[in-house]
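Here the structure comes first, spelled out in structure tokens, and everything after it is commentary.
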Amino acid sequence: MCGIFGCVGYIAEHHAQACLDTLQHRGPDGRGLWHTRDITLGHRRLSILDLSETGKQPMSYAGGRYWITFNGEIYNFLEIRSDLEKRGHRFDSTSDTEVILAAYAEWGLDAVARFNGMWAFAIWDSVERVLALSRDRFGKKPLFYATIGDRFVFASEMKAIYPLLGEVRPSRHFEWMKRNLFTYETTDKCLVEGISRFPAGHSGLLKEGKLACRRYWNTLEHLREVPQRYEEQVEQFRELFIDACRIRMRSDVPIGTALSGGIDSSAVASTMAHIAAHAGGDRVARDWQRAFVATFPGSPLDETGYAQKVVDKHGLNATFVPIDPIRSLDDLDWYFYQFEELYVTSPIPMIQLYGEMRKGGVVVTLDGHGADELFVGYPNELFEAAVGSDIELDEIADLYREMFPKNTSQFSVPDDNRLLYAYFVVRKLAKSLMGRRHVSRDAGHAAFGRLDRFNQYLYALTHDTILPTLLRNYDRYSMINGVEIRAPFMDHRIVSYAFSIPMRSKINRGYTKRIVRDAIGGFMPREIVERKSKVGFNTPIVDWMQKDMKPYFLDVINSEAFRNSRLIDPARVKKRIEAVIHGVKPRFAFAERTWKQFVPYLWEQAVLKRSYRLA
């Protein structure tokens with residue numbers, strides 16, 4: 001919900017407007033700027049709650065003492081508002097933004113512990129002359145900052161800070177970040193020198209030019225006592241998940257869902273249908289039945305058939321979106337300028353999907369992000385279960401083979417279980433998963449040691465590597481199009497619950513995500529509940545490089561700009577691209593690694609070659 005920008009210290013108003021307007025895509029519905037000689041707060045608005053003028057930002061409270069610019073949603077704002085009204089607070093709007101201000105006035109930054117949502121906000125206290133900053137528990141909403149001379153600048157995206165830097169150049173850590181694409185998101189390092197990332201789960205105060213941050217959330221400090229009986233765990237999880245979806249359906253505009261036909265997105269869509277059938281609740285959107293399905297006709301990645309079963313069961317209004325790389329080729333430079341980061345797959349499918357949502361009048365979507373990391377959805381998780389637990393090999397082997405059947409082009413799966421076990425071990429050692437990957441940055445806490453080995457591994461994926469990166473990516477994919485993603489699986493109550501239950505509540509009786517299937521299965525088509533195959537939202541990169549995108553790649557690798565790139569090894573990357581194009585190395589894994597090595601060139605052209613001078 002929106003893009004934010006701010007500066008403590010003097011900035012010319014027209015310069016502040018120019019910086020703010022680099023975030024127009026995040027907030028196409030309006031703009032606001034509160035400007036004084038000492039403090040500037042800017043806001044680009046994506047209107048979702050309280051569409052009236054009273055919902056505009058920057059917003060003030062308490063007679064102008066507090067001013068806020070805020071990106072995100074506080075899903076339980078109605079409950080917090082009720083509590084605050086009992087304490088004497090009065091409200092002029094029906095927005096969650098004003099609730100944050102009143103909560104801050106009442107409890108200071110301790111208020112964030114009461115929030116269920118996603119956020120990045122800045123609040124200026126004009127009496128204490130202090131800027132308060134906060135970012136949500138898991139970093140679903142971005143926040144960057146820089147100290148430039150005597151000015152402290154912050155924004156939702158790095159591009160809003162570029163015009164103030166003087167020179168935009170690669171970070172001194174760029175090569176490390178290029179090699180560690182799933183690691184750098186949870187550091188303060190950024191691809192551009194001079195810009196830092198504000199950490200997830202932290203709040204901070206800027207006073208007299210000095211920023212002091214403190215961590216307010218650590219999942220390990222919020223683990224729960226769960227019932228011993230699995231059936232009771234299922235009932236508790238069902239209640240949590242229904243409520244997580246219910247409060248995320250609060251909206252004053254139509255909402256939808258990105259539906260793949262997998263267990264995660266189907267659980268979300270089916271629970272939305274269940275909530276709507278049972279009268280929903282306060283501010284729950286009545287227009288919720290819109291599903292958007294990315295399709296890859298003729299590809300093993302296509303899940304249209306499964307998605308259609310969910311659509312038919314709940315009478316959804318479905319838009320099937322054929323992903324066509326050709327129609328995005330002219331926009332790749334723009335995509336990477338907006339995306340700002342590096343990643344292992346092409347952004348084309350996701351940007352096209354959320355673009356169709358926006359065209360269809362949907363600006364809020366409830367999606368299934370987080371379930372793979374919390375409840376087992378990746379092959380590496382099965383490697384860990386095979387080698388690091390007492391689960392029988394045959395069970396793991398069958399799970400793996402059914403998750404990735406022979407008709408997919410991405411994986412080659414041995415037939416014999418003993419060969420498969422050797423395959424697990426070799427892959428595990430090759431990827432250095434033994435030991436290193438299952439150790440989280442939180443490993444020093446006693447609670448981490450009480451997790452079983454398998455949950456320790458999932459904890460690291462969730463908090464340190466894969467999930468933070470994906471949450472960042474999907475914020476960019478959607479907000480490029482002015483669409484907001486809400487993720488029920490990332491409700492902090494569910495994350496805490498996921499690490500309070502044992503491994504056998506996640507892998508059991510021949511299925512991964514066991515507790516999700518048993519808790520939500522009654523709302524879903526039986527074919528989805530019993531589905532074991534895993535596709536994932538990847539791109540058919542081999543087919544694209546050999547067919548649709550072949551002319552594009554050949555043009556690029558023979559261009560002068562490519563030959564002169566400073567961020568890649570042009571000769572090596574060209575050789576790899578040619579190997580994929582001409583079929584010498586047609587495997588998915590090789591093509592994906594090739595794309596990974598090619599991406600810094602696209603980033604260089606999109607970010608470094610632009611002019612950011614302020615008039």
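Summary of computed values
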item	result
Filter result for T539 (in contact with a Lys or Arg (Cβ under 6 Å, 6 or more places away or on another chain), open to solvent by less than 10 Å² (accessible area, probe 1.4 Å) and closer than 28 Å to L301 by Cβ)	no
The lone exception for G521 - which of (1) of a type outside the set (V, I, T); (2) in contact (Cβ under 8 Å) with a residue 60 or more places away in the chain; (3) under 30 Å from A267 (Cβ atoms); (4) assigned to a helix (DSSP H, G or I) it fails	(2)
2 or more residues buried (at least 23 other Cβ atoms within 10 Å of the Cβ) and touching a residue at least 60 places away in the same chain (Cβ under 8 Å): qualifying strands (runs of 3 or more DSSP E) within the stretch 1-96	3-8, 66-74
Residue match in the stretch 488-506 (condition: modelled with pLDDT under 95 and open to solvent by 30 Å² or more (accessible area, probe 1.4 Å))	yes
Residue in the stretch 204-214 that is in contact (Cβ under 8 Å) with a residue 40 or more places away in the chain and over 22 Å from G72 (Cβ atoms) present	yes
Selected residue [at negative phi, open to solvent by 20 Å² or more (accessible area, probe 1.4 Å), in contact (Cβ under 8 Å) with a residue 40 or more places away in the chain and not polar (S, T, N, Q)] from A120, A113	A113
Number of positions in the stretch 263-286 that are touching a Ser or Thr at 6+ places or on another chain (Cβ under 9 Å) and on the phi < 0 side of the Ramachandran plot	8
Subset of the stretch 167-203 [free of Cβ contacts under 8 Å to residues at least 12 places away in the same chain and outside any helix (DSSP H, G or I)]	E167, N180, T187, D188
Count of residues meeting criterion [part of a loop (DSSP other than H, G, I, E, B), of a type in the set (A, V, I, L, M) and touching a residue at least 24 places away in the same chain (Cβ under 8 Å)] in the stretch 527-584	4
Any hit, the stretch 192-206, residues being in contact with a helix residue (DSSP H, G or I) (Cβ under 6 Å, 6 or more places away or on another chain), at pLDDT 95 or above and among the acidic types (D, E)	no
Residue among M503, M479 that is within 13 Å of the chain's Cα centre (by Cα) and touching a residue at least 40 places away in the same chain (Cβ under 8 Å)	M479
Test: residue in the stretch 215-227 that is assigned to a helix (DSSP H, G or I), among the aliphatic types (A, V, I, L, M) and without any contact (Cβ under 8 Å) to a residue 60 or more places away in the chain	no
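A quick yes/no check of all residues on (1) in contact with a His (Cβ under 8 Å, 6 or more places away or on another chain); (2) of a type in the set (G, A, S); (3) modelled with pLDDT of 75 or more:
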site	(1), (2), (3)
T365	no, no, yes
G368	no, yes, yes
F383	no, no, no
V387	no, no, no
A397	no, yes, yes
F404	no, no, no
T408	no, no, no
N417	no, no, no
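The values are calculated or read from the model by the stated rules, or taken from the named source; none is laboratory data. This one's a predicted model, so the numbers in the text were calculated from it and none came from an experiment. Because the Cβ atoms are built from the backbone with ideal geometry, glycine has one as well, and the counts that use them run over all protein chains shown. For accessibility, only protein heavy atoms count, side chains too; no ligands or nucleic acids. Shrake-Rupley method; radii C 1.70, N 1.55, O 1.52, S 1.80 Å.
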